[in-house]
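**Student:** My questions all concern the structure below.
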Amino acid sequence: MGLRIRGRAWKLGNNISTDHIISGKYKFKSISSLEGMIPYVFKEVIPGFHEKVREGDVLVAGRNFGMGSSREHAPRLLKLVGVGAVVAESFARIFFRNATNIGLPVITATLVPRITEDGDIISVNLEEGVITNESKDVQERFKPYPKEILEVIRCGGIIEYIRKYGSLPW
Amino acid sequence: MTLTEKILSAKVGRRVSPGDFIVIDADLAYAHDGTAPLAIKVMKENERLYRVHDPSKVLLVIDHASPPPNVEVAKVHEQLRSFAREFGVRLFDVGEGICHQVVAESGLVRPGAVVVGADSHTVTLGALSAFATGVGSTDIAIAFALGKIWLRIPESIKVLLDGKLKPWVTSKDVILNIIGNVRADGLTYLAAEFQGTALKHLSVESRMTISNMCVEVGAKAGLFPADEVLASWLRIYGADNGDELSADPGAEYKDELNFNLSKLEPQVAAPPNVDNVREVSEVEGTEVDQVFIGSCTNGRYEDFLLAAKILKGRRVKEGVRCVAIPASRKVFLELLRDGVLEVLAEAGCFIAHSTCGPCIGAHLGLLGPGEVAVSTSNRNFVGRMGHRDSKVYLASPATAAAAAVEGRIVNPKKYLS
């Protein structure tokens, strides 16, 4: 996947949990199919999200995005409905792992999450570590991924990385 | 070195420091019916990964929605059974228990082990002085197939617990108090290491409750040292009790937190966040529709024994349902033999065999619009246990049992002092 992302912002608050992204009670309704869970993504936070989101859109959140359950369905579903990246002030560690493992870029930033409003145009350059809110004309540098993780993202996930290189990075 | 650095350094074969990325062998990897299907899918889609590196280091547990509440789940359970048969992997089937509990009871986890589970509450096993952490389905697919896991070495934080709890206060109140103080992202990426004079009074079961909820403050692990208390426990469960294991004196910690347990009163996490913690007096009188005693947090023998002390000779308040679900068949049987289940049944509790069930809103007691629950589980997010307008207060088994009797939140002190 590309290392540049550009899309509309969806603004979210602090402590967005994996339950918010895909609730356990809906997950168990269609546990055998990831596609079957799509209508329930953010169901109790942003009704109709799966129909409104466009390819490449960027979630912009506050602190501790992805807290709670380890369910990998959360980042997978976000990627599946078209989310191009998640920007937040901080991430819960299992969400960070899972997103990395499946090739969904997650970016830790401070200024952009604070000034961004719904619908702003956000662009990200993962290699250079730059995120821009084009609508507000605000640019921020972030610590780029270690080179191994950047390669995982470029491959589209750690499974694809293993397929290409034959082993885990590091 | 901290306990975390000691365990991980021993595993890598050289001294590691916080921030290092490593790939290590996992001593044990497990997944359940909520996360294994995705792991199996990842394995099936990749020829190189459709194998099991070492079946003795892999476990599957059917626990999240068990027995199946619908046909979709039934299909998934069958998929787990078929995977277990194909690769000779041990499967804990319907009713055997919640993964963290059955793994603890299995005797397969010894101090110093590295354990990964596709469930955030894998941190529970830190009570056995193992480095145990929750990971995703892809991680577990790799661990099943290759026996490996990638990790970033976390910084460690020392959490000193001193003093002794009052009879109506439990380790659940301790961890809720810690969560209220450090907040939901307070220990993100850190390994919490518990020490202090209170440890000798804390059973392994109580420690499991504390380690279990370390993930609610973002911690990567929550470890207790391997001491006498743990050694006696391990002997009962047939684990090689191993050597004593603790951090080096003078180990470098990122920070230190201090808690005095002697003064603590019962704590409650009010909706809709786990870190919205209050002393029970602040929410006293809140009316309750359902009480749930169970889960990987508080579904152990001592939890039900405490609840039974309160429920003995009393009735669950009319109009309130009290759901009691032991965390494993072993716990269920011990409670049955000792007459504890009889006490609960006579009081009017609904008792079920082991499942995560209501904690994740899967089955056996979902909440309707506007309903209020007191639950001994670990999360109270919006809609977690049912309708989006229902509310969940997290509390100890004592506070939960007292709420079942009175139909409102009260301090359980009057029943236990």
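The numbers here are math on the coordinates, done by the rules we state, and not lab data. Note that the structure is a prediction, hence the values are computed from the model and not measured. Counting neighbours? That spans all protein chains shown, and the Cβs are built from the backbone with ideal geometry, glycine included.
**Student:** Restricting attention to segment A:97-111, and to residues there that are more than 14 Å from B:Thr133 (Cα to Cα) and not in a loop (DSSP other than H, G, I, E, B), which single residue is nearest to the other protein chains (Cβ to nearest Cβ)?
**Tutor:** Filtering segment A:97-111 for residues more than 14 Å from B:Thr133 (Cα to Cα) gives A:99-111.
Imposing the further condition that a residue be not in a loop (DSSP other than H, G, I, E, B) reduces the set to A:99-102, A:106-108, A:111.
Values: A:Ala99: 9, A:Thr100: 9, A:Asn101: 4, A:Ile102: 6, A:Val106: 13, A:Ile107: 16, A:Thr108: 11, A:Leu111: 19 Å.
Per the criteria, the residue is A:Asn101.
**Student:** Also: Any idea how many residues of segment A:19-48 are touching a strand residue (DSSP E or B) at 6+ places or on another chain (Cβ under 8 Å) and in contact (Cβ under 8 Å) with a residue 12 or more places away in the chain?
**Tutor:** Qualifying residue count for the region: 1.
**Student:** Counting just the residues of segment A:131-149 that are under 17 Å from the mean Cα position of the chain (by Cα) and surrounded by 17 or more Cβ atoms within 10 Å (Cβ to Cβ), which one comes out nearest to A:Lys52 (Cα to Cα)?
**Tutor:** A:Asn133
**Student:** OK, next. Of the conditions (1) assigned to a helix (DSSP H, G or I); (2) within 14 Å of chain A (Cβ to nearest Cβ), B:Ile175 fails just one. Which one is it?
**Tutor:** (2)
**Student:** Within the group B:Leu165, B:Leu187, which residue is part of a loop (DSSP other than H, G, I, E, B), farther than 21 Å from B:Glu105 by Cβ and within 14 Å of chain A (Cβ to nearest Cβ)?
**Tutor:** Criteria check complete, one pass: B:Leu187.
**Student:** Okay, moving on. So which residues in segment B:27-76 are small (Gly, Ala, Ser), over 21 Å from A:Tyr165 (Cα atoms) and touching a residue at least 60 places away in the same chain (Cβ under 8 Å)?
**Tutor:** Within segment B:27-76, B:Ala29, B:Ala31, B:Gly34, B:Ala36, B:Ala65, B:Ser66 meet the criteria.
**Student:** Which of the numbered conditions does B:Leu333 fail, given that it passes all the others? Conditions: (1) farther than 30 Å from A:Ser23 by Cα; (2) touching a residue at least 12 places away in the same chain (Cβ under 8 Å).
**Tutor:** (2)
**Student:** Let me ask you something else. In this structure, does B:Leu394 turn out to be under 29 Å from B:Gly218 (Cβ atoms) and of a type in the set (A, V, I, L, M, F, W, C)?
**Tutor:** Yes, satisfied.
**Student:** Which one of these does B:Glu334 not meet: (1) buried (at least 20 other Cβ atoms within 10 Å of the Cβ); (2) more than 27 Å from B:Arg408 (Cβ to Cβ)?
**Tutor:** That leaves (1) as the condition not met.
**Student:** Continuing with the same structure: Would you mind stating whether B:Glu205 is of a type in the set (Asp, Glu) and touching a Phe, Trp or Tyr at 6+ places or on another chain (Cβ under 6 Å)?
**Tutor:** Against the criterion (of a type in the set (Asp, Glu) and touching a Phe, Trp or Tyr at 6+ places or on another chain (Cβ under 6 Å)), B:Glu205 does not qualify.
**Student:** Let me ask another. (1) buried (at least 19 other Cβ atoms within 10 Å of the Cβ); (2) not β-branched (Val, Ile, Thr); (3) not in a loop (DSSP other than H, G, I, E, B): which one isn't true of B:Leu160, the others all being true?
**Tutor:** (1)
For every residue, the table says whether it meets (1) away from chain A (no Cβ under 11 Å); (2) surrounded by fewer than 24 Cβ atoms within 10 Å (Cβ to Cβ); (3) within 23 Å of B:Ile175 (Cβ to Cβ); (4) of a type in the set (D, E, K, R).
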position	(1), (2), (3), (4)
B:Cys349	yes, no, no, no
B:Ser354	yes, no, yes, no
B:Leu366	no, yes, no, no
B:Glu371	yes, yes, no, yes
B:Val374	yes, no, yes, no
B:Asn378	no, no, yes, no
B:Glu406	yes, yes, no, yes
B:Ile409	yes, no, yes, no
B:Lys414	yes, yes, no, yes
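**Student:** Okay, moving on. Do we have B:Gly222 as buried (at least 17 other Cβ atoms within 10 Å of the Cβ) and touching a residue at least 24 places away in the same chain (Cβ under 8 Å) here?
**Tutor:** On the way: buried (at least 17 other Cβ atoms within 10 Å of the Cβ): yes; touching a residue at least 24 places away in the same chain (Cβ under 8 Å): yes.
Yes; evaluated as a whole, the condition is true for this residue.
**Student:** Here's a follow-up. Within segment B:326-417, considering only helices (runs of 4 or more DSSP H) that don't extend past its boundaries, which have at least 2 residues that are within 23 Å of the chain's Cα centre (by Cα)?
**Tutor:** Helices (runs of 4 or more DSSP H) meeting the threshold: B:329-337, B:340-347, B:397-406.
**Student:** Return the residues of segment B:235-257 that are under 20 Å from B:Leu176 (Cβ atoms) and out of contact with any Lys or Arg (no Cβ under 9 Å at 6 or more places or on another chain); say none if nothing qualifies.
**Tutor:** Selection gives nothing.
**Student:** Further question on the same structure: Can you tell me which residues in segment B:45-61 are among the β-branched types (Val, Ile, Thr) and closer than 13 Å to B:Val103 by Cβ? Before you say what the answer is, go through the steps one by one.
**Tutor:** Keep residues of segment B:45-61 that are among the β-branched types (Val, Ile, Thr), which gives B:52, B:58, B:61.
Within segment B:45-61, B:Val58, B:Val61 qualify.
**Student:** With the condition being within 11 Å of chain B (Cβ to nearest Cβ), I'd like the helices (runs of 4 or more DSSP H) fully within segment A:10-88 carrying at least 1 qualifying residues.
**Tutor:** Working: elements: A:18-21, A:24-27, A:49-52, A:73-81.
Passing ranges, in order: A:18-21, A:24-27, A:73-81.
**Student:** What tally of residues in segment B:37-59 results from selecting those that are charged (D, E, K, R) and closer than 12 Å to B:Ala118 by Cβ?
**Tutor:** 0
**Student:** Taking the residues in segment B:270-299 that are in contact with a Leu (Cβ under 9 Å, 6 or more places away or on another chain) and β-branched (Val, Ile, Thr) as candidates, determine which candidate is farthest from B:Cys359 (Cα to Cα).
**Tutor:** B:Val277
**Student:** I'd like the residue in segment B:103-113 that is touching a Phe, Trp or Tyr at 6+ places or on another chain (Cβ under 8 Å) and either crowded, with 24+ Cβ neighbours inside 10 Å or of a type in the set (Phe, Trp, Tyr) (or both) and, out of all such residues, is nearest to A:Arg76 (Cα to Cα).
**Tutor:** For segment B:103-113, the residue satisfying everything is B:Val103.
**Student:** Another question about this same structure. When the residues of segment B:210-243 are filtered to those that are under 23 Å from B:Leu190 (Cα atoms) and among the charged types (D, E, K, R), which remaining residue is farthest from the chain's Cα centre (by Cα)?
**Tutor:** Going through the qualifying residues, I end up with B:Asp227.
**Student:** Separate question: Just to be sure I understand the filter: pairs with C-beta atoms under 6 Å, separated by 6 or more residues or on different chains, first member in segment B:243-259 and farther than 25 Å from B:Ser232 by Cβ, second member among the small types (Gly, Ala, Ser) and not in a loop (DSSP other than H, G, I, E, B). Which pairs pass?
**Tutor:** B:Tyr253/B:Ser156
**Student:** Oh, and also: Return the only residue of B:Arg110, B:Arg85 being within 21 Å of B:Lys6 (Cβ to Cβ) and charged (D, E, K, R).
**Tutor:** After ruling out the rest, the residue left standing is B:Arg110.
**Student:** Given the conditions (1) in contact with an Asp or Glu (Cβ under 7 Å, 6 or more places away or on another chain); (2) surrounded by fewer than 18 Cβ atoms within 10 Å (Cβ to Cβ), report the number of the one that B:Gly13 does not fulfil.
**Tutor:** Condition not satisfied by B:Gly13: (1).
**Student:** Moving on to the next point. Those residues that are without any contact (Cβ under 8 Å) to a residue 12 or more places away in the chain, more than 10 Å from every other protein chain (Cβ to nearest Cβ) and over 26 Å from A:Lys11 (Cα atoms), I need them from segment A:112-164; list them, please.
**Tutor:** A:Lys147, A:Tyr161, A:Lys164
**Student:** Take B:Arg379 and tell me if it is basic (Lys, Arg) and free of Cβ contacts under 8 Å to residues at least 60 places away in the same chain.
**Tutor:** Answer is no for this residue.
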